[in-house]
Amino acid sequence: MIQLTSLHFIYLIFILLVIAFMIYQKDTSLICILGIFIIGLAATGSIYQSVMGVFNSFAYAIKELLGTILIISIIVGMGSVLEKTGINKEMVRPFLRFIKTPALAYWIIGLVMMSISWFFWPSPAVALIGAIFAPVAIRAGLPALAVAMAMNLFGHGIALSTDFVIQGAPKLTAGGAGIPVGDVIRASVPLIIVMGFVTTITAYILIRKDIKKGLLKLEENDANDDMAVKYPLSLTARKWFAAIIPLIFVIDIYAMKIFKLQGGDATSLIGGTSLFILIIILIFSSKTNAIDEIINYLIEGLQFGFKVFGPVIPIAAFFYLGDEGFIKILGEFLPRNSTGLVNDLGLALSQIIPINKAFGAATLTTVGAITGLDGSGFSGISLAGTVGKIFGTAIGSGTATLTALGQIAGIWVGGGTLIPWAVIPVAAICKVSPFDLARKNLIPVVTGLAVTTLFAMFLI
């Protein structure tokens, strides 16, 4: 039996402080930095080593997250090129002819948003889907608020909470739990199927009822035709690129399956492919100026990537201390028979409190939802991974399922469906109130989380 030391109790106290700050919607970066310093001081007994430990923890977190930051940055840069050349509009234009009714509008917009968000992330996808699909959906009889709900639930909900392709979310939660990224992804598949079906179907039923009652009304469509816009590529070239680019990513997915690429390897393949697509498009569209413009798009993407992950780094650094990161950051200061601060706390918890699967699942959903209260969705999901491992260790199984459940809850709440300031991009592009959008999303998302939590109890 592991003997808990002052390090374990200090770590636990700071975990509880992080949760408390998230509940009150306060930034947790300072608490995490102080936690790293105090844990370092308790472990080493040296002020200068503790100060070094804070810096080293940041460096360790950046090293662990760098691949994810880079791929998101490259994809954002590529998305910007697709937008400025008009290729993005040709990529989605074939879907527009099928949007004839409100039902088709809801499901087609949602599924396209989900598919594009898996590859390009929801943030770049919002402008593309909103600008092109929203006017067509409104003409088909789907209110703008319903369009925004479809984009939110499928993009910032289903796609972002699983993040199968870029793997930014599972990278963070897997790091907090100290398990492979592939384990979190596999565990999230059955959960997101349930969550996705329940939320989107519930939302659709409520939308239909609100339209019949007159609570959702059609707005005037003031969209302008984009045919007059001049692009640096001819229409024929845009159509060829629009057909080839999705095909290339399909080949990437096939290569992942054939060569069994997962985690960082899969991320590298998608990132490298996106970079070459960016370069080739610039060569065709800018010709002699391509050399100068490539770096500008990469800088634009990197600015976005670090803006998104900047707040995550100190929080991730703190939670990496709970597993193997402790030794790499501070050195060999754990008790001889320790398996990591998080594992030790989980074992101790199992001996003090009779933890069961139902309690564990409910706790992870709650913790995940709390981490999303800051409206980012990503800043606190490392905590979900850490708590998932604590409870998984206490129960004796289900660490990956609990971690995936916490990840799904955290991103559905904070990634852009329930927090008003997180839904602003979608609300702005659809010209609706972010508060109205968050209120309309509330019942579908809460219903989905409740059903998914019950389902997770049988999987643990």
I205 aliphatic (A, V, I, L, M), buried (at least 18 other Cβ atoms within 10 Å of the Cβ) and either at pLDDT 90 or above or part of a helix (DSSP H, G or I) (or both)
no
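Residue by residue, here is whether (1) under 20 Å from the mean Cα position of the chain (by Cα); (2) open to solvent by less than 80 Å² (accessible area, probe 1.4 Å); (3) of a type in the set (F, W, Y) holds:
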| position | (1), (2), (3) |
| --- | --- |
| I251 | no, no, no |
| L269 | yes, yes, no |
| G272 | no, yes, no |
| I291 | no, no, no |
Any residue that is surrounded by 15 or more Cβ atoms within 10 Å (Cβ to Cβ), farther than 25 Å from L347 by Cβ and acidic (D, E) - is there at least one of those in the stretch 85-93?
yes
Can you tell me which of (1) surrounded by fewer than 20 Cβ atoms within 10 Å (Cβ to Cβ); (2) at pLDDT 90 or above is the one V184 doesn't meet?
(1)
Please find, among L153, L172, L145, the residue that is in contact (Cβ under 8 Å) with a residue 12 or more places away in the chain, within 24 Å of G392 (Cβ to Cβ) and not β-branched (V, I, T).
L172
Of the conditions (1) free of Cβ contacts under 8 Å to residues at least 60 places away in the same chain; (2) under 20 Å from the mean Cα position of the chain (by Cα); (3) surrounded by 15 or more Cβ atoms within 10 Å (Cβ to Cβ), the single one that K63 does not satisfy is (3)
Determine, yes or no, whether P314 is part of a loop (DSSP other than H, G, I, E, B), more than 16 Å from the chain's Cα centre (by Cα) and modelled with pLDDT of 80 or more.
no
Take the residues in the stretch 431-452 that are surrounded by 17 or more Cβ atoms within 10 Å (Cβ to Cβ) and in contact with a Leu (Cβ under 7 Å, 6 or more places away or on another chain), then tell me which one is farthest from N152 (Cα to Cα).
T452
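One line per residue, one yes/no per condition, for (1) more than 24 Å from R93 (Cβ to Cβ); (2) outside any helix (DSSP H, G or I); (3) out of contact with any Ser or Thr (no Cβ under 7 Å at 6 or more places or on another chain); (4) among the hydroxyl-bearing types (S, T, Y):
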site: Y231; (1), (2), (3), (4): no, yes, no, yes
site: W240; (1), (2), (3), (4): no, no, yes, no
site: G264; (1), (2), (3), (4): yes, no, yes, no
site: S268; (1), (2), (3), (4): yes, no, yes, yes
site: T273; (1), (2), (3), (4): no, no, yes, yes
site: I280; (1), (2), (3), (4): no, no, yes, no
site: F284; (1), (2), (3), (4): no, no, yes, no
Is it fair to say D265 is at pLDDT below 90 and more than 30 Å from M149 (Cα to Cα)?
yes
Pairs with Cβ under 7 Å, 6+ apart, first in the stretch 35-53 and within 14 Å of I13 (Cβ to Cβ), second in a loop (DSSP other than H, G, I, E, B) and aliphatic (A, V, I, L, M)
I36/L321; I39/L321
For the stretch 9-128, please list each of the helices (runs of 4 or more DSSP H) lying entirely inside it that holds at least 2 residues being out of contact with any helix residue (DSSP H, G or I) (no Cβ under 7 Å at 6 or more places or on another chain), at pLDDT 90 or above and aliphatic (A, V, I, L, M).
29-44, 47-85, 102-120
Residue set P135, P124, P94, P102; condition without any contact (Cβ under 8 Å) to a residue 24 or more places away in the chain, of a type outside the set (S, T, Y) and more than 24 Å from G398 (Cα to Cα); output residue P94
Restricting the stretch 324-347 to residues that are at pLDDT below 80 and part of a helix (DSSP H, G or I), the one surrounded by the most Cβ atoms within 10 Å (Cβ to Cβ) turns out to be V342
Does any residue in the stretch 8-25 that is over 19 Å from S338 (Cα atoms) come within less than 6 Å, Cβ to Cβ, of a residue that is outside any helix (DSSP H, G or I) six or more places away or on a different chain, and which pairs are these?
V18/T28; F21/T28; M22/G380
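The values are calculated or read from the model by the stated rules, or taken from the named source; none is laboratory data. Owing to the predicted nature of the structure, the values given are computational and were not obtained by experimental measurement. Cβ atoms come from the backbone with ideal geometry, glycine included; neighbour counts cover every protein chain shown. Note: accessible area is taken over every heavy atom of the protein model, side chains too, but ligands, DNA and RNA are not part of it. Shrake-Rupley method; radii C 1.70, N 1.55, O 1.52, S 1.80 Å.
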